[in-house]
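Q: Here it is, the structure, as structure tokens.
The values are calculated or read from the model by the stated rules, or taken from the named source; none is laboratory data. Since the model is a prediction, treat every value here as computed from it, not as a measurement. Using ideal geometry, Cβ is built from the backbone for each residue, glycine included, and neighbour counts are taken over all protein chains shown.
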Amino acid sequence: MGGGSWSTNVYDEHNRYKAAAGKSAFDYSDSMHRAGRSKWRVHDSLNPHGVNLRESRDSDDHPESNAIVVMFDVTGSMGQVPVTLQKKLPELLGLLLRKGYISDPQILFGAIGDATCDRIPLQVGQFESDNRMDDNLEQIFLEGGGGGQKSESYELAMYFTARHTEIDCWSKRGRKGYLFIIGDEMAYPRVNHREVGALLGDGLQADIPIRDMVKELQKRYHVFYLLPQAASYGGDSEVLGFWRGLLGQQVLELEESEAVCETIALAIGMTEGTIDLPAGIDDLRDFNVPDPIVQTVKSALAALPARQAAAQARVSGLALPGLDPSGRLGAGK
């Protein structure tokens, strides 16, 4: 997967068509809720059961692919996050491509629930470079469940990413991919082998402690956890302590949940070393990002170190995949 190029024109036209038809961007989820709980099921394209690998591969269109996984909690108050992501996809891609933060991004979207009580606790799309990433987002079911015990099944998303993805950026070039988990609760302390068998079909013989799962995942991925303060457990010291104990400075608090896309883009640029934080803030202002969003991103990333050596060689003025030579997003198909 991951061929083709993103077109903002196609994205805008698709949204206009849906609006004219009286449908939201998440029409699949809407239809499931209308049908009633007994008929809820994961969209076929997002069903993780029996999936061997989701692949981020190099191609003629994208010769140096870079894998980006964005997994978000769709329980309770977190249901607004995918709506924000869908609405702001052009801004995310614009920053990554037009500002040269990373070459040939291929983005996989997925959704996380609670395997102890939800009907659909894990949904996983494909790595895409074109408008099919928007299709994957729109096919996610926003269950809005959760068990109310301050934990969700983030560890299952980690397990899938660690053991069911193959990414050329790592296997060919030794460059890590990115995993962003957006949520407001803790993970369960162990990957439950019975849940893995039921949801994925894997024959896992024993549970995996969460710390071991994170270590395995971090061999191939930069792992971030984003916590919007407006969520149910935003700012919660126990939740923050749990994730900081696992991920350190790569736990990012967001005063404004609308800043998710911009925060992801700048976190990638800073980790890649293509920008430092002041340069990233300047880029947001170039994009006319509202000041509350700018300030949220600035605060969230203040403690994240940039790779200073590489930051001196920032990409500028190049015709990147998905852009025409003038640098306009959406020049592809």
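Q: Scan the range 135-165 for residues that are farther than 24 Å from Tyr28 by Cα and hydroxyl-bearing (Ser, Thr, Tyr) and jot them down. Please lay out each step first, then the result.
A: Going through the range 135-165, the residues farther than 24 Å from Tyr28 by Cα turn out to be 148-151, 155, 158-159, 161-165.
Those that are farther than 24 Å from Tyr28 by Cα and hydroxyl-bearing (Ser, Thr, Tyr): Ser151, Tyr159, Thr161, Thr165.
A quick yes/no check of all residues on (1) surrounded by fewer than 23 Cβ atoms within 10 Å (Cβ to Cβ); (2) within 30 Å of Pro90 (Cβ to Cβ); (3) modelled with pLDDT of 95 or more:
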residue: Ser129; (1), (2), (3): no, yes, no
residue: Asp135; (1), (2), (3): yes, yes, no
residue: Tyr188; (1), (2), (3): yes, no, yes
residue: Glu195; (1), (2), (3): yes, no, yes
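Q: Taking the criterion of being polar (S, T, N, Q), crowded, with 22+ Cβ neighbours inside 10 Å and within 22 Å of Asp168 (Cβ to Cβ), would at least one residue in the range 97-105 satisfy it?
A: From the range 97-105, those polar (S, T, N, Q) are 103; that's our starting set.
Then keep just the ones that are crowded, with 22+ Cβ neighbours inside 10 Å; that gives none.
No.
Yes/no per residue for (1) at pLDDT 95 or above; (2) surrounded by 15 or more Cβ atoms within 10 Å (Cβ to Cβ); (3) among the acidic types (Asp, Glu):
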{"site": "Trp243", "(1), (2), (3)": "yes, yes, no"}
{"site": "Ala259", "(1), (2), (3)": "no, yes, no"}
{"site": "Ile268", "(1), (2), (3)": "yes, yes, no"}
{"site": "Pro278", "(1), (2), (3)": "yes, no, no"}
{"site": "Asp282", "(1), (2), (3)": "yes, no, yes"}
{"site": "Asp286", "(1), (2), (3)": "no, no, yes"}
{"site": "Asp291", "(1), (2), (3)": "yes, no, yes"}
{"site": "Val297", "(1), (2), (3)": "yes, yes, no"}
{"site": "Gln308", "(1), (2), (3)": "no, no, no"}
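Q: Would you check which residues across the range 247-282 are of a type outside the set (A, V, I, L, M, F, W, C), touching a strand residue (DSSP E or B) at 6+ places or on another chain (Cβ under 7 Å) and closer than 14 Å to Leu96 by Cα and list them? Show your work before the answer.
A: Initially, the range 247-282 is screened for residues of a type outside the set (A, V, I, L, M, F, W, C), giving 248-250, 253, 255-258, 262-263, 269, 271-274, 276, 278, 280, 282.
Still in the list and also touching a strand residue (DSSP E or B) at 6+ places or on another chain (Cβ under 7 Å): 250, 253, 257, 263, 271.
Across the range 247-282, the qualifying residues are Thr263, Thr271.
Q: Still on this model: Among the residues of the range 116-165, which ones are within 16 Å of the chain's Cα centre (by Cα) and acidic (Asp, Glu)?
A: Scanning the range 116-165 gives Glu128, Asp130, Asp134, Asp135, Glu138, Glu155.
Q: Still on this model: Only one of Arg41, Arg54 is in contact with a strand residue (DSSP E or B) (Cβ under 8 Å, 6 or more places away or on another chain) and in contact (Cβ under 8 Å) with a residue 60 or more places away in the chain. Can you tell me which?
A: Values: Arg41 fails: in contact with a strand residue (DSSP E or B) (Cβ under 8 Å, 6 or more places away or on another chain).
After applying the criteria, what remains is Arg54.
Q: Just for helices (runs of 4 or more DSSP H) wholly inside the range 117-194: which have at least 3 residues that are closer than 18 Å to Gln106 by Cα and out of contact with any strand residue (DSSP E or B) (no Cβ under 8 Å at 6 or more places or on another chain)? Break it down stepwise before answering.
A: Values: elements: 132-138, 154-163, 168-173.
It comes to 132-138, 168-173.
Q: Taking the residues in the range 25-46 that are assigned to a loop (DSSP other than H, G, I, E, B) and out of contact with any Lys or Arg (no Cβ under 7 Å at 6 or more places or on another chain) as candidates, determine which candidate is surrounded by the fewest Cβ atoms within 10 Å (Cβ to Cβ).
A: Here is the first cut: in the range 25-46, the residues assigned to a loop (DSSP other than H, G, I, E, B) are 25-26, 36, 40-43.
Narrowing further to those that are out of contact with any Lys or Arg (no Cβ under 7 Å at 6 or more places or on another chain): 26, 36, 41-43.
On the way: Phe26: 21, Gly36: 8, Arg41: 11, Val42: 23, His43: 18.
Among residues in the range 25-46 that are assigned to a loop (DSSP other than H, G, I, E, B) and out of contact with any Lys or Arg (no Cβ under 7 Å at 6 or more places or on another chain), the one surrounded by the fewest Cβ atoms within 10 Å (Cβ to Cβ) is Gly36.
Q: If you take the residues in the range 73-114 that are over 25 Å from Pro48 (Cβ atoms) and among the small types (Gly, Ala, Ser), which one is modelled with the highest pLDDT?
A: Going through the qualifying residues, I end up with Ser103.
Q: Right, something else. Return the pairs, sorted by first residue and then second, in which the second residue is outside any loop (DSSP other than H, G, I, E, B), the first residue lies in the range 270-289 and is charged (D, E, K, R), the beta carbons are less than 6 Å apart, and the residues are 6+ apart or on different chains.
A: That search, which allows pairs on different chains as well, returns Asp276/Ala311.
Q: Mind checking which residues of the range 54-96 are buried (at least 24 other Cβ atoms within 10 Å of the Cβ) and of a type in the set (D, E, K, R)?
A: The answer is Asp73, and nothing else.
Q: Another one. I'd like to check something: does the range 220-229 contain any residue that is surrounded by fewer than 20 Cβ atoms within 10 Å (Cβ to Cβ) and in contact (Cβ under 8 Å) with a residue 12 or more places away in the chain? Talk me through it step by step, then tell me what you get.
A: Taking the range 220-229 as the starting set, the residues that turn out to be surrounded by fewer than 20 Cβ atoms within 10 Å (Cβ to Cβ) are 222, 229.
If we keep only those that are in contact (Cβ under 8 Å) with a residue 12 or more places away in the chain as well, we get 222, 229.
Within the range 220-229, one or more residues are surrounded by fewer than 20 Cβ atoms within 10 Å (Cβ to Cβ) and in contact (Cβ under 8 Å) with a residue 12 or more places away in the chain.
Q: For the range 106-139, which positions are within 18 Å of Leu179 (Cα to Cα) and either among the aliphatic types (A, V, I, L, M) or free of Cβ contacts under 8 Å to residues at least 60 places away in the same chain (or both)?
A: Ile107, Leu108, Phe109, Ala111, Ile112, Gly113, Leu122, Val124, Met133, Leu137
Q: What are the residues in the range 47-81 that are acidic (Asp, Glu) and either over 22 Å from Tyr178 (Cα atoms) or part of a loop (DSSP other than H, G, I, E, B) (or both), if any? Steps first, answer last, please.
A: Step one: list which residues in the range 47-81 are acidic (Asp, Glu), which gives 55, 58, 60-61, 64, 73.
Selection gives Asp58, Asp60, Asp61, Glu64.
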